[in-house]
Amino acid sequence: MANQYEVLADHYPSSSDYEFLYTLITWIRYVQSEFRQSSVCSLVPSSAERVFKLAGMVDGFCCYLEQTFGDLKERGVVIGYDARAHPPSGGSSKRFASLAAAVFTSRGVPVHLFSDITPTPFVPFTVSHLSLCAGIMITASHNPKQDNGYKVYWENGAQIVSPHDKGISKAIEGNLEPWPESWNAEEALKSPLLKDPYQDVHTQYFKAIQKLCHYRDINKSSKVKIVHTSVHGVGHTFVQSAFKAFDLPPPYAVEEQKDPDPEFPTVKYPNPEEGEGVLTLSFALAEKEGASVVLANDPDADRLAVAEKQESGLWRVFSGNELGALLGWWLFSCWKQQNPEAAVLKNLYMLSSTVSSKILRAIALKEGFHFEETLTGFKWMGNRAKELIDQGNTVLFAFEEAIGMHNNFYFFFHTSSKEQQTASAASHASASRQTSKLRSSRSYLLKKTLALAHFLHHHKQKTNCP
């Protein structure tokens, strides 16, 4: 019997496929520790011997889905990707996504493969919108340029938790020898099992977030100037569309960082957590245009940083806990106006993780709705929110502030199970329309933050870093 290396060589179609395997599949060494975090990220591998483990990883995931879903070949999966690339290897997130799709189509599984770069929230939204079994997003999120990885979403639109994380890991370990027929991305792209969901999802996503818009008249007449940076990622057109969906004036885009660029030439780390280090160009543009608020995304557009110019002329970058307080207060205020009956509070929830501020709990105690705390990680909030929604409840808002990362801000809005992944775009618009509303009454985001802290008897933020 031919050994594994000989079998793979016989079926290897191109050097590009080799680079894909060389770059990504070595993540197998991270399976036990990182796959259970619902995402896998690593540096470009240094040893070619690990190249043969990637296909086994994707094959293993496909096997687990086959074992779990009897209707996998009817429902299928979705795969999205960001703009990362790894010259001179020739690998890229797009190439990686195509080869991942080849694994599924070779097993007769329909794949909804986006034809263009997408923000991460599009993938879980597509899972819910099309009732798919799972979703994969090829991205390294806010990591340095040499990294790549992927995030996995389950049929409920949330990231995976136990027992699926352990089950997937076990399936991967049992499929370390790749299926030879799954290596040919060129054939996969011709498969009738492959569909492009981009246009439909783009339309439905922004249609869904319009339902979260309040004070549309104020939005239309807003004079507040806002700057946005996508930090060389995929967020520019996404955020512009979100502002349009809310009838807000379009934000000024930081020209040097507007277009996707896998080299991230203007920043050391493409991470809004870095605060002023990432926002230097944004502040300069804001000063030039007279803008008072800056919004920043990470490269896959699922993180948001917000900064506001104060009356002193200095810029204040808000922490995740502060943004959680502001957006939680804002959303409840809007919801309460539309639902004045006290009885409906019994089915209203907000969530945050154990490492986050307890300010939502304080708001819940004062207002009479429910608050729940989850384990650390957005996946826990997403899964718990879906459980509550399936029980007939409304989960209005959830957020997490990661340990030691003041601008690491994850959040989402839930009004129904089909709208659970409209968060990222809605958050940009919510922060912007909240600013417009406050400025119309001659107030500031920071002033509102301080007022909330005082009203709720102060909430002290303390971060411990290792």
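Considering Pro197, Pro163, which residue is within 20 Å of Asp82 (Cβ to Cβ) and of a type outside the set (A, V, I, L, M, F, W, C)?
Details: Pro163 fails: within 20 Å of Asp82 (Cβ to Cβ).
Pro197 is the lone residue from the list that is within 20 Å of Asp82 (Cβ to Cβ) and of a type outside the set (A, V, I, L, M, F, W, C).
Residue check: is Thr266 touching an Asp or Glu at 6+ places or on another chain (Cβ under 6 Å), farther than 19 Å from Phe122 by Cβ, crowded, with 16+ Cβ neighbours inside 10 Å and at pLDDT 90 or above?
Details: touching an Asp or Glu at 6+ places or on another chain (Cβ under 6 Å): yes; farther than 19 Å from Phe122 by Cβ: yes; crowded, with 16+ Cβ neighbours inside 10 Å: yes; at pLDDT 90 or above: yes.
For Thr266, the condition - touching an Asp or Glu at 6+ places or on another chain (Cβ under 6 Å), farther than 19 Å from Phe122 by Cβ, crowded, with 16+ Cβ neighbours inside 10 Å and at pLDDT 90 or above - is met.
Can you tell me which residues in the stretch 274-302 are β-branched (Val, Ile, Thr) and surrounded by fewer than 18 Cβ atoms within 10 Å (Cβ to Cβ)?
Residue satisfying the conditions is Thr280 alone.
For the stretch 91-150, what are the residues that are basic (Lys, Arg) and in contact with a Pro (Cβ under 7 Å, 6 or more places away or on another chain)?
Of all residues in the stretch 91-150, those basic (Lys, Arg) come to 94-95, 107, 145.
Within the stretch 91-150, just Lys145 meets the criteria.
Name the single residue, out of those in the stretch 194-233 being among the charged types (D, E, K, R) and at pLDDT below 95, that is nearest to Pro110 (Cα to Cα).
Among them, the one singled out is Lys207.
Quick one: which of Ile117, Ile28 is touching a Lys or Arg at 6+ places or on another chain (Cβ under 8 Å) and either of a type in the set (Ser, Thr, Tyr) or modelled with pLDDT of 65 or more (or both)?
Step by step, each of Ile117, Ile28 is checked, and only Ile117 is touching a Lys or Arg at 6+ places or on another chain (Cβ under 8 Å) and either of a type in the set (Ser, Thr, Tyr) or modelled with pLDDT of 65 or more (or both).
Checking the conditions here, which among Pro251, Pro265, Pro163, Pro260 is farther than 26 Å from Pro299 by Cβ and either in the same structural domain as Glu74 (by TED's automatic domain parsing) or of a type outside the set (A, V, I, L, M) (or both)?
Pro163
Test Asp116 against the criterion of being out of contact with any His (no Cβ under 6 Å at 6 or more places or on another chain), more than 30 Å from Leu327 (Cα to Cα) and assigned to a helix (DSSP H, G or I), and give yes or no. Can you show your working first?
Working: out of contact with any His (no Cβ under 6 Å at 6 or more places or on another chain): yes; more than 30 Å from Leu327 (Cα to Cα): yes; assigned to a helix (DSSP H, G or I): no.
No; evaluated as a whole, the condition is false for this residue.
Residue by residue, here is whether (1) surrounded by 18 or more Cβ atoms within 10 Å (Cβ to Cβ); (2) at pLDDT 90 or above; (3) over 22 Å from the mean Cα position of the chain (by Cα) holds:
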{"position": "Gln146", "(1), (2), (3)": "no, no, no"}
{"position": "Tyr150", "(1), (2), (3)": "yes, no, no"}
{"position": "Ile160", "(1), (2), (3)": "yes, yes, no"}
{"position": "His164", "(1), (2), (3)": "yes, yes, no"}
{"position": "Glu177", "(1), (2), (3)": "no, no, yes"}
{"position": "Ala185", "(1), (2), (3)": "yes, no, yes"}
{"position": "Ala188", "(1), (2), (3)": "yes, no, yes"}
{"position": "Pro192", "(1), (2), (3)": "no, yes, yes"}
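Out of all the residues in the stretch 110-118, is one or more surrounded by fewer than 21 Cβ atoms within 10 Å (Cβ to Cβ), touching a residue at least 40 places away in the same chain (Cβ under 8 Å) and among the small types (Gly, Ala, Ser)?
Yes, there is a match, as at least one residue in the stretch 110-118 is surrounded by fewer than 21 Cβ atoms within 10 Å (Cβ to Cβ), touching a residue at least 40 places away in the same chain (Cβ under 8 Å) and among the small types (Gly, Ala, Ser).
The values are calculated or read from the model by the stated rules, or taken from the named source; none is laboratory data. Note that the structure is predicted; figures quoted are calculated from it, not measured. Note: ideal-geometry Cβ built from the backbone for every residue, glycine included; neighbour counts use all protein chains shown.
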